[in-house]
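Nothing in this text is a laboratory measurement; each read-out follows from the coordinates by a stated rule. Being a predicted model, the structure only gives us computed values, none of them experimental. Methodologically, a virtual Cβ is constructed for each residue, glycine included, from the backbone with ideal geometry; neighbour enumeration extends over all protein chains shown.
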Amino acid sequence: MAHTFIARMKVFPEKIEQFIDSCERMEKAVSENEPNCLMYKFYRLREENAFAVIESFKSEADDQAHQETNHFKEIVADMMPCLDGGYEREFLDPLT
């Protein structure tokens, strides 16, 4: 079964450009380097300064491997100072 979730986060208004740049870099790095990633896409939510990412991996182990990649560690270091608070993961399971 795929390991899929949405993570929601708020970003400091003055850090939005830096955050979006990091999001685009992460999407590209994941697409180019992680064949077991089924989906990795950031979205801007309609709530002010709010964003979300939908991530789907073939397995939970693939998600763990993603978090251990050099590109993840490098880009997340640029993203984290942009966050106004943390982020919450909400797991999505198939209907059947």
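Treat region 3-92 as a sphere of radius equal to its Kirkwood radius over Cα pairs and apply Stokes-Einstein at 4 °C in a medium of 1.567 mPa s; give the translational diffusion coefficient in µm²/s, rounded to a whole number.
Values: Rh = 13.2 Å.
So the translational diffusion coefficient is about 98 µm²/s.
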Cα long-axis angle, helix 70-79 against the chain (0 to 90 degrees, to the nearest 10): 30 degrees
For region 3-92, size of Cβ-based charge dipole, Lys and Arg +1, Asp and Glu -1, in debye: 180 debye
Cα shape, region 1-53, gyration tensor, a/c 1.5 rule: oblate
Amide hydrogen neighbours beyond the local backbone of residue 92, cut-off 5 Å, H modeled: 4, 5, 6
Nearby lysines by direct alpha-carbon distance to residue 73 (threshold 18 angstrom, same-chain neighbours under 8 apart not counted): 28, 41
Where GluC sites (Glu not before Pro) fall in DSSP loop in region 1-63, at most 16 other Cβ within 10 Å: 47, 48
Calculated [θ] (222 nm, deg cm²/dmol) that DSSP helices of n ≥ 4 give over the chain, each run adding -39,500 (n - 2.57): -11500 deg cm²/dmol
Crossing angle, helix 16-33 versus the chain [Cα axis fit, 0-90 degrees, rounded to tens]: 20 degrees
